Structures are given as structure tokens and as C-alpha cells.
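*Asks:* This is the structure, below, for whatever I ask next.
The values are calculated or read from the model by the stated rules, or taken from the named source; none is laboratory data. Here the structure is a predicted model, which means the values were calculated and not measured. Heads up, the Cβs are rebuilt from the backbone with ideal geometry, glycines too, and the neighbour counts pull from every protein chain shown.
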Amino acid sequence: MKVGIVGAGMVGSSAGYALALMGIASDLVLVDKNAALALAQAEDISHAVPFVSATTVIAGDYAALAGARVVIIAAGVSQKPGESRLELLERNAAVFRDVVAAVLRVAPEAILLIASNPVDIMTQIATRLSGLPPQRVIGSGTILDTARFRSLVGRHLGISPQSVHAYVLGEHGDSEVLAWSSARAGSIALGSFADQVVKPLTDEVRLSIDDGVRNAAYKIINGKGSTYYGIGAGLARIVKAIAQDQCDVLSVSIVTAKVADIEDVALSIPRVIGAGGVIADLFPDLDDGEYQSLNRSASILKERAESVRL
Ligand code: ADP
């Protein structure tokens, strides 16, 4: 399967590296407005390939994306001094206007996988610009936040993250919602599991896990400027579900007809992902507080998306 990546910066190239290591794609094509950067990243990633897989990695222009089944869009511009979040958003929307049209001209069948931030808004914009059904325009959303949640809960309980079933819902960002009430370890309600292994989930533990999930990116950015390995692997994980038609349940962002009381908004809930993109949306059982928090997150995102001029 051919996979394209538009935007060969830190996030795009990390996704490419993860895809090459996982051996998911037969062909990987990197495109960037900075052609020299795309070429350098493709060369570097291609030198990792002989150790692990047989992926062909090249840099190219948009024409090289012909036949791609998935195109990751990680292109974007960074904030200028004094620039407001909305101004930045509008410049990124302008980037997407060019990129989405150029991708669909050569790869009209592709599933678009959106990685640029703020990812929920960019997913809503890409859906609007492309005219594609929402099931084919997937934002990485809270895939990483969910992974962090599982890993911190697993660490507390002394079990692997894979044995924790829990999701982060809503915005990939400050208003996200950790769905504690529906979380399970094995098949057991989280609180009961924690009591049985004598590692109770006290309010203090929950607050510290919430903080660890919600503020993980800020801590990494303080230390190294930006985050990319985690999201790179998360993007590769979504591509794997599509490439192998795995029908995996992953928390990703797509435009959704209704979430809590809000209509037509892009945010994350668990969804089934296979060869055609998102096959089903899943609405976890929530307690009242979680429902209200999800409603708030959805209304923040809806308002922000509507404020962007296209
Ligand atoms: P991140 O950390 O999110 O990956 P970077 O700045 O490292 O951020 O990467 C963003 C990439 O997007 C840059 O390499 C930039 O050249 C690229 N880019 C910006 N605008 C466009 C565009 N219109 N078309 C293609 N690539 C673009």
C-alpha cells in the first residue's frame, strides 16, 4: 500500500519513520513545500529500512502521491510573535486549502489522515474543503492522549497498558475528557480492579493521572520544543488499522453528526477503523459530570471551527 505524507517536518517525518519500522507501507512518499527537507527526510528514513522492512521511501511532488490509499497531512505553519490563535488558524486553513486540493487531484480515492494542530479544527476544515464523507477525513485526535491515559493507569495498577481499556474523549487539548466511569482493566471495572490489587484509585491518584495526560505535551515542549515521536507512532497505528482492515477501536476525530448536545463537530470518541476509514462511532457510557465536560469540549470546538473563514 502506498502512503503519502504532506509536511515532512518533525511530525510528518516521525510518522514516516514509524511506518517504515513497522513495515506497514510498501511505498512511502514525502512531500513538502521545502523539497530539500522532504528529500533529506526520505533519504534518512530509507537508511533505516534495510534493518527492518522493505518499504520504498521517496520524496516527490504531489504527482508522486498518485495511487496513495492514505495521505497523512502534517503540513502547517508555526505561530509568529504576537499572532493570535485565530490568525494562526486562518494561515493554517490557507495551507490546507492548497494541500487538500492538490492531494485529491492526484489521489481522489485516498483517506486523509490529519495531524496538523489544532487537530480537531483542522479535521473539520479538511472535511469542509474536501467535500469527502467524514469517514474518510480522520484526525489523529486523542489517540495519543488515550495511549498516555492507559499507560499511566497501567503503571499505577502494575499491568500493561494493553490490558487497560479507557478512552480520552473530546478535544485533543485543554478541554479533553478522561472517561473514568467506563474504564476497564481486563474486563473488570477500574475501581474494583484497583481495590483487588490493593492500589486504590484515590482522588489524588486520579488527579495526578489526569494532570499527567492533560499536561504531557506541555512538559515535553518545555524540555525539547515540540512533540513528535508519540504522535508519529499513533499515526502509524491508524494507518495500520486501515492498511490491514483491522476494524480496530481507536479514539480519533472526525466530523460527527451529534456529540452530547452539539451537532456537526469534529472531536474524538472511540471509533471502528478499517480499510474504508471510520466504520462506526461508539458513544461510551458517561456519568453526568463526564457528559457535561464532553458537551463543553464539543461546544468549544464547534465555536472555534465556525470562527475560521475559509
Ligand atoms: P511539526 O512539528 O508540526 O511537524 P514542522 O514545522 O516541523 O511542524 O513541520 C511542518 C512542515 O509543513 C514544514 O516542513 C513545512 O515546510 C511544511 N509546510 C508548510 N506549508 C506547506 C504547504 N503549503 N505544503 C507543503 N508543506 C508545507
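For every residue, the table says whether it meets (1) surrounded by 14 or more Cβ atoms within 10 Å (Cβ to Cβ); (2) of a type outside the set (V, I, T).
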position: T202; (1), (2): no, no
position: L207; (1), (2): no, yes
position: V213; (1), (2): yes, no
position: I220; (1), (2): yes, no
position: T227; (1), (2): yes, no
position: I231; (1), (2): yes, no
position: A236; (1), (2): yes, yes
position: V259; (1), (2): yes, no
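*Asks:* Among L113, L65, which is of a type in the set (A, V, I, L, M) and either farther than 18 Å from A241 by Cβ or modelled with pLDDT under 95 (or both)?
*Replies:* Exactly one residue qualifies, and that residue is L65.
*Asks:* Still on this structure: Please specify each residue of the stretch 289-305 satisfying the condition of being under 13 Å from S181 (Cβ atoms) and touching a strand residue (DSSP E or B) at 6+ places or on another chain (Cβ under 7 Å).
*Replies:* The answer is E290, S293, L294.
*Asks:* Right, something else. Kindly indicate whether L235 is more than 20 Å from S163 (Cα to Cα) and aliphatic (A, V, I, L, M).
*Replies:* Criteria met by L235.
*Asks:* Tell me the residue from A74, A107 that is in contact with a Leu (Cβ under 6 Å, 6 or more places away or on another chain) and surrounded by 19 or more Cβ atoms within 10 Å (Cβ to Cβ), please.
*Replies:* That would be A107, the only listed residue that is in contact with a Leu (Cβ under 6 Å, 6 or more places away or on another chain) and surrounded by 19 or more Cβ atoms within 10 Å (Cβ to Cβ).
*Asks:* Suppose we filter V95, V49 for residues that are of a type in the set (V, I, T) and within 13 Å of the ligand (Cβ to nearest atom); which single one remains?
*Replies:* It is V95.
*Asks:* Can you give me the number of residues within the stretch 15-35 that are near the ligand (Cβ under 8 Å from one of its atoms) and not β-branched (V, I, T)?
*Replies:* Number satisfying all stated conditions: 3.
*Asks:* Another one. Give the stretch 149-176 a look and list any residue that's closer than 20 Å to G191 by Cβ and in contact (Cβ under 8 Å) with a residue 60 or more places away in the chain, or say none.
*Replies:* Within the stretch 149-176, F149, L152, Y167, V168, L169 qualify.
*Asks:* Determine which single condition E87 fails, assuming it passes every other condition in (1) part of a helix (DSSP H, G or I); (2) surrounded by fewer than 14 Cβ atoms within 10 Å (Cβ to Cβ); (3) without any contact (Cβ under 8 Å) to a residue 12 or more places away in the chain; (4) within 13 Å of the ligand (Cβ to nearest atom).
*Replies:* It fails just one condition, (4).
*Asks:* Given the options G82, G76, G67, G60, name the one that is within 13 Å of the ligand (Cβ to nearest atom) and over 21 Å from the mean Cα position of the chain (by Cα).
*Replies:* On inspection, the qualifying residue turns out to be G60.
*Asks:* Testing V52 on (1) within 22 Å of the chain's Cα centre (by Cα); (2) surrounded by fewer than 17 Cβ atoms within 10 Å (Cβ to Cβ), one condition comes back false. Which one is that?
*Replies:* For V52, the exception is condition (1).
*Asks:* I'd like the residue in the stretch 218-253 that is under 19 Å from G173 (Cβ atoms) and hydrophobic (A, V, I, L, M, F, W, C) and, out of all such residues, is nearest to the ligand (Cβ to nearest atom).
*Replies:* So the residue we want is I231.
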